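K.L.:
My structure is below; once you've seen it, I'll send some questions.
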Amino acid sequence: MILGQSNLLKSSVLVIGAGGLGSPALLYLAACGVGRLGIIDHDVVELNNMHRQVRDLRKFSSGSSFFFLAHSLVREMNKRYYLMLIVFFFFSFFFILQVIHTEAFIGHPKVKSAATACRSINSTIKIDEYVEALRTSNALEILSQYDIIVDATDNPPSRYMISDCCVLLGKPLVSGAALGMEGQLTVYNHKGGPCYRCLFPTPPPTTACQRCSDSGVLGVVPGAIGCLQALETIKLASMVGEPLSERMLLFDALSARIRIVKIRGRSAQCTVCGDNSSFNKQQFKDFDYEEFTQFPLSAGPLNLLPEESRISSKEFKEILQKKERHVLLDVRPSHHYKIVSFPDSLNIPFANLEARLNELTSALKEKEDGHVNSGSCANPSLYVVCRRGNDSQRAVQYLRDSGFSSAKDIIGGLEAWAADVNPNFPSY
Amino acid sequence: MQLTLEFGGGLELLCDSEKIHKVNVDLPNGVEELTMKDLLSWVRTNVIKERPEMFIKGDTVRPGVLVLVNDCDWELSGQLETTIEDKDVIVFISTLHGG
């Protein structure tokens, strides 16, 4: 054990992402005495959306308890969504703030907040702070300075980029992921084990990729996975035990089950770590991971559509005031729609849009017929809205390709509506 | 034959949000053993209720789905050619990216 502790003290670990997974991982790594700890994240600490929801709902009905409001909001939903929402409201933001980021750091970089928390636990370790996004331009240089890499990011392009970089540099990668009530954990690129691409040579469709910040997660779930990432990292650094390589841990919080499964070894055909791979550092630097996965590296707004296919929330307000004939299509998942929605809007979740186009056609037809009766002749317009204005753009792009040539998205979605038009509109 | 099918990582949303399905699969006529290839098309027809493209692509599972036969990656047992036996547990799990 003394040798293990001494190995630990000599080791260096880079944690990429200081959010739900990275926060607990960092605290345990700091506490256990890793010699040098690097933290990279470009984000700032914010009281996340769950918190805003609490405040806004209170405005709606002062005097009622938040629980009652949450209860009445979701009483018509099935039990699963009920649980998810309660989870959403109560835990997600509390966890992240309490575990590493404190309110005092709101508006400051997560890296500064995380580093302060780590130092207060263990003042003897060296901490390197990188307040920047990890890109192909800086990844090789940063990762090369550490023995073990911890992937605590939240999106597919980062995961491919980090894995490829670890292969090029020969570093073991402790990879964790969580969404909703499930988590996954494995160690890649360790002593002949597979890399991320051996397992997932082709990126999944973007509709299968969700961020916790969009789809929700019970904070304890990434918390548990993050702790286990710290554990696997400590095992690797101190060279004790059997690392979780060529195995994957699957955690299902809802049914309280953890299963550890055997996964494939390194693939000889892998385009990055395979026998005939010619993937090199220059190719890595030139590789477009966002293009490869069709997914943005950071959660910034998409910009898919030309200006004429979009309107601002303020313009939409004028449309409502003028009572312009239109159909408002809301493409959020139905449980989001049940939390809050525009009156008279039609909800078809983006994932089901293709299969349910006929409903949209009938809604437009209905408006058109109403119009004929009232003696006017303009076709009804079609506006598309979602929570933040990303899926609405994807939907408009799809709708325009499918013949709905008048479709326009409302820029920034319901969040922009709440920010720019109606501050009393509940956001979540 | 009796099989247990499990869906996770969001794939359960394609089959009425039920994660565990105890099913009885009959062998197609004239076939002596059931392969994963047969099972996939059976699952596609009998279990998947919506958005089949989120489960199947071509004749196999879509990218990003891990298939485990008795807690073991199907890549290790022959992928589509893996033979399935009575009481086997087959897990379909979509990889997660969140954090």
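Every number here is computed from the coordinates shown, using simple stated rules; none is lab data. Everything quoted here is computed from the prediction, not taken from an experiment. Don't worry about glycine lacking a Cβ; one is built from the backbone with ideal geometry, like all the others, and counts go over all protein chains shown.
K.L.:
Rounded if a/c is under 1.5, else prolate if a/b is larger than b/c, else oblate: which is region A:165-296, with a ≥ b ≥ c the root eigenvalues of its Cα gyration tensor?
P.N.:
On the way: a/c = 1.95, a/b = 1.23, b/c = 1.59.
The shape class here is oblate.
K.L.:
What do you get for the angle between helix B:36-46 and the principal long axis of chain B? Use alpha-carbon atoms, 0 to 90 degrees, nearest ten.
P.N.:
70
K.L.:
Let me ask you something else. Counting other Cβ atoms within 10 Å, keep those with at most 16, restrict to DSSP loop, and tell me which GluC sites (Glu not before Pro) in region A:223-328 are left. Working shown, then result.
P.N.:
On the way: sites: A:232, A:246, A:290, A:291, A:307, A:308, A:315, A:318, A:324; in loops: A:246, A:324.
Taking region A:223-328 and a limit of 16 other Cβ atoms within 10 Å, the loop GluC sites (Glu not before Pro) found are A:324.
K.L.:
Can you tell me the alpha carbon radius of gyration of region B:2-94 divided by the globular rule-of-thumb value 2.2 N^0.38 Å? Kindly include the intermediate steps, with their values, before the conclusion.
P.N.:
On the way: Rg = 12.1 Å, N = 93, 2.2 N^0.38 = 12.3 Å.
After normalising by residue count via 2.2 N^0.38 Å, the value is 0.98.
K.L.:
Indicate the gyration tensor shape class of region A:243-394 (rounded, prolate or oblate), computed on the Cα atoms with a ≥ b ≥ c the square roots of the eigenvalues: a/c under 1.5 is rounded; otherwise a/b larger than b/c is prolate and the rest oblate. Display every interim value, and only then the final one.
P.N.:
Details: a/c = 3.19, a/b = 2.09, b/c = 1.53.
In terms of gyration-tensor shape, prolate.
K.L.:
Sort out for me the Cα centre separation of region B:60-99 from region A:216-281, rounded to whole Å.
P.N.:
16
K.L.:
Same structure, new question: For q values of 0.17, 0.26, 0.28 Å⁻¹, compute log₁₀ I(q)/I(0) with the Debye formula on a Cα-only model of region A:95-167, without solvent.
P.N.:
-0.79, -1.24, -1.29
K.L.:
Exposure proxy check: B:33, B:75 ranked by fewest other beta carbons within 10 Å? Show your work: numbers first, answer last.
P.N.:
Details: B:33 10, B:75 17.
By the 10 Å Cβ count, ascending, the order reads B:33, B:75.
K.L.:
Based on other C-beta atoms within 10 Å, arrange A:135, A:197, A:266 from fewest to most. Write out the running numbers ahead of the final one.
P.N.:
Details: A:135 14, A:197 24, A:266 19.
Result, fewest neighbours first: A:135, A:266, A:197.
K.L.:
Let me ask another. Report the charge-dipole magnitude of the protein assembly as shown in Debye, nearest 20, computed about the Cα centre from +1 at each Lys and Arg Cβ and -1 at each Asp and Glu Cβ.
P.N.:
Numbers: 53 positive and 60 negative charges, 278 e Å.
In total the dipole reaches around 1340 debye.
K.L.:
Using just the C-alpha positions of the protein assembly as shown as equal point scatterers, what log10 of I(q)/I(0) does the Debye formula give at each q in 0.10 1/Å?
P.N.:
With one equal scatterer per Cα and no solvent, log10 I(q)/I(0) is -0.88.
K.L.:
Run the simple label-point estimate for residue A:307 and residue A:258 please: 7 Å along Cα→C-beta, distance reported in nm.
P.N.:
Each label point is offset 7 Å from its Cα along the Cβ direction, giving 5.5 nm.
K.L.:
In the structure shown, do any of A:338/B:19; A:285/A:408; A:235/B:87; A:112/A:408 have a Cα-Cα gap over 32 Å, and if so which?
P.N.:
In this structure, A:285/A:408; A:235/B:87; A:112/A:408 exceed 32 Å between Cα atoms.
K.L.:
If I take R0 = 35 Å and measure r between the Cβ atoms of residue A:280 and residue A:206 in this structure, what FRET efficiency does the formula 1/(1 + (r/R0)^6) give, to the nearest 0.05? Mind showing how you got there, number by number?
P.N.:
Numbers: r = 28 Å, r/R0 = 0.80.
The computed FRET efficiency comes out at 0.80.
K.L.:
Shifting gears a bit: Before rounding to the nearest 500, sum -39500 (n - 2.57) across all DSSP H runs of length at least 4 in the protein assembly as shown and divide by the residue total; then give [θ] at 222 nm in deg cm²/dmol. Please report the intermediate quantities before stating the final value.
P.N.:
Details: 20 runs with 192 residues, N = 527.
Value at 222 nm, helices only, nearest 500: -10500 deg cm²/dmol.
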